[in-house]
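Notes follow once the structure below has been shown.
The values are calculated or read from the model by the stated rules, or taken from the named source; none is laboratory data. Treat the numbers as computed from the prediction; the structure is a model and nothing was measured. Cβ placement follows ideal geometry from the backbone for every residue including glycine, while neighbour counts extend to all protein chains displayed.
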Amino acid sequence: MSPPALGRALPHDSVLHRRNPTVKLAVSSVVSLVLLVPVDPWTPGLLLLLALPAATVAGRLGARTVLRAVALFAPFALSVLAVNAVTCPGQVVWRGVGLEVTTTGLSVGGALALRALLVGVLSVAFTLTTDAGRLMTSLHQHARLGPRATFAVLAGYRVLEQLPERWETVRRAQAVREPGRRPGAPLPRDAGALARAAFAVLVVSLRQGERLAVALEQRGLGAGPRTVARPVPLDRRDAALAGVVLGVVGLVVVASWWTGVLQTWADVG
């Protein structure tokens, strides 16, 4: 069985699938904002260790899917670590090729790298357990997002969601028209073929967006109050999810402060 496509909600049921999308989005945003404070690697590292099994179990994502999410954000995290290691002032631990690695740079860079991985895991867990339709309906109901913005964003999300399949279709269609191509031969990967495919996908997506805009206007988008066909409930189980997640984050931050490992931007100057 092929692995699930990142960026699209998985079809199975789980605890996170059943929770209100607005609550999940708000909780993820609050956790990301809290992570702006600590610059020590211990606090985000511990939260990452807790988030990995929690997302795997609560979302029924599977260990391989969660590890794929970590792998996707790993290059960015390593680049953040490398840049901070050689740019932050502090005690030098290594010199070479005109660069100096400092203890402060390693600490701050490690914290920012772990923060990037944690935010990546939270984002992927949210995306893979949240249907786009339920998300926009919930934002319309509970976050008072206007119908014009709601349906416009949903239409744009659907276009983005179809890009992988459209890319594959265009690539195969262009390969079929190549003279002398043998059946079953791999798709061409030269710069010209990729550029032609990218241009074709861009044109098709723009035309689809134009058709969607015309269709939404013809249906009176934003021309008055609208009803919701499938309301998204908001109950105490959503409040429990928010309380558990934010409570764990608060306990980790307090424990880091209590043990003396918590560092903020004021501590590193």
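Exactly one residue out of Val66, Val27 is at pLDDT 95 or above and under 17 Å from the mean Cα position of the chain (by Cα), and it is Val27.
Scanning the stretch 75-120 for residues that are within 23 Å of the chain's Cα centre (by Cα) and surrounded by fewer than 13 Cβ atoms within 10 Å (Cβ to Cβ) yields a total of 1. Filter the stretch 63-121 down to the residues that are in a strand (DSSP E or B) and among the aliphatic types (A, V, I, L, M), then identify the one that is nearest to Leu52 (Cα to Cα). Checked the stretch 63-121; the qualifying residue nearest to Leu52 (Cα to Cα) is Val101. Within the bounds of the stretch 93-104, is there any residue that is more than 21 Å from Ser14 (Cα to Cα) and of a type in the set (Phe, Trp, Tyr)? Yes, because at least one residue in the stretch 93-104 is more than 21 Å from Ser14 (Cα to Cα) and of a type in the set (Phe, Trp, Tyr).
Could you check, for the stretch 184-191, whether at least one of its residues is closer than 27 Å to Leu216 by Cα, among the small types (Gly, Ala, Ser) and part of a loop (DSSP other than H, G, I, E, B)? Before you say what the answer is, go through the steps one by one.
Quick first cut of the stretch 184-191, residues closer than 27 Å to Leu216 by Cα only: none.
Checked against the condition, which is being closer than 27 Å to Leu216 by Cα, among the small types (Gly, Ala, Ser) and part of a loop (DSSP other than H, G, I, E, B), the stretch 184-191 yields no hits at all.
Is it true that some residue in the stretch 150-164 is more than 16 Å from the chain's Cα centre (by Cα) and among the aromatic types (Phe, Trp, Tyr)? Yes: one or more hits. Scanning the stretch 122-135 for residues that are surrounded by fewer than 23 Cβ atoms within 10 Å (Cβ to Cβ) and either part of a helix (DSSP H, G or I) or touching a strand residue (DSSP E or B) at 6+ places or on another chain (Cβ under 7 Å) (or both) gives Ser123, Val124, Phe126, Thr127, Ala132, Gly133, Arg134. In the stretch 201-218, the residues that are in contact (Cβ under 8 Å) with a residue 24 or more places away in the chain form Cβ pairs under 9 Å with partners that are surrounded by 11 or more Cβ atoms within 10 Å (Cβ to Cβ) and of a type in the set (Phe, Trp, Tyr), at six or more places apart or across chains, as follows: Val201/Trp167; Leu216/Phe151.
Does Pro186 satisfy the criteria of being farther than 30 Å from Ala51 by Cα, surrounded by fewer than 11 Cβ atoms within 10 Å (Cβ to Cβ) and of a type outside the set (S, T, N, Q)? So that I can check it myself, show each step before the final result.
On the way: farther than 30 Å from Ala51 by Cα: yes; surrounded by fewer than 11 Cβ atoms within 10 Å (Cβ to Cβ): yes; of a type outside the set (S, T, N, Q): yes.
Criteria met by Pro186.
With respect to Arg171, is the statement that it is among the charged types (D, E, K, R), more than 25 Å from Thr127 (Cα to Cα) and surrounded by 12 or more Cβ atoms within 10 Å (Cβ to Cβ) true? Answer is yes for this residue.
For Pro179, indicate whether it is of a type outside the set (A, V, I, L, M, F, W, C), touching a residue at least 12 places away in the same chain (Cβ under 8 Å) and more than 20 Å from Tyr157 (Cβ to Cβ).
Details: of a type outside the set (A, V, I, L, M, F, W, C): yes; touching a residue at least 12 places away in the same chain (Cβ under 8 Å): no; more than 20 Å from Tyr157 (Cβ to Cβ): yes.
No; evaluated as a whole, the condition is false for this residue.
Exactly one of (1) at pLDDT below 85; (2) surrounded by 14 or more Cβ atoms within 10 Å (Cβ to Cβ) is unmet by Ala215. Its number? Ala215 satisfies all of (1) at pLDDT below 85; (2) surrounded by 14 or more Cβ atoms within 10 Å (Cβ to Cβ) except (2).
Among the candidates Leu251, Leu206, Leu246, which residue alone is of a type in the set (A, V, I, L, M, F, W, C), surrounded by 10 or more Cβ atoms within 10 Å (Cβ to Cβ) and either in contact with a strand residue (DSSP E or B) (Cβ under 8 Å, 6 or more places away or on another chain) or at pLDDT below 90 (or both)? I'd like the intermediate steps shown before the answer.
On the way: Leu251 fails: either in contact with a strand residue (DSSP E or B) (Cβ under 8 Å, 6 or more places away or on another chain) or at pLDDT below 90 (or both); Leu246 fails: either in contact with a strand residue (DSSP E or B) (Cβ under 8 Å, 6 or more places away or on another chain) or at pLDDT below 90 (or both).
The conditions single out Leu206.
Out of the residues in the stretch 243-269 that are of a type outside the set (A, V, I, L, M, F, W, C) and outside any helix (DSSP H, G or I), which is nearest to Val34 (Cα to Cα)?
To start, the set of residues in the stretch 243-269 that are of a type outside the set (A, V, I, L, M, F, W, C) comprises 243, 247, 250, 256, 259-260, 263-264, 267, 269.
Going one step further and asking which of them are outside any helix (DSSP H, G or I), we end up with 260, 263-264, 267, 269.
Working: Gly260: 18, Gln263: 13, Thr264: 11, Asp267: 17, Gly269: 19 Å.
Filtering the stretch 243-269 for residues that are of a type outside the set (A, V, I, L, M, F, W, C) and outside any helix (DSSP H, G or I), the one nearest to Val34 (Cα to Cα) comes out as Thr264.
Mind listing just one residue for me: the one in the stretch 13-52 that is among the β-branched types (Val, Ile, Thr) and not in a helix (DSSP H, G or I) and, of those, surrounded by the fewest Cβ atoms within 10 Å (Cβ to Cβ)? My answer is Val37.
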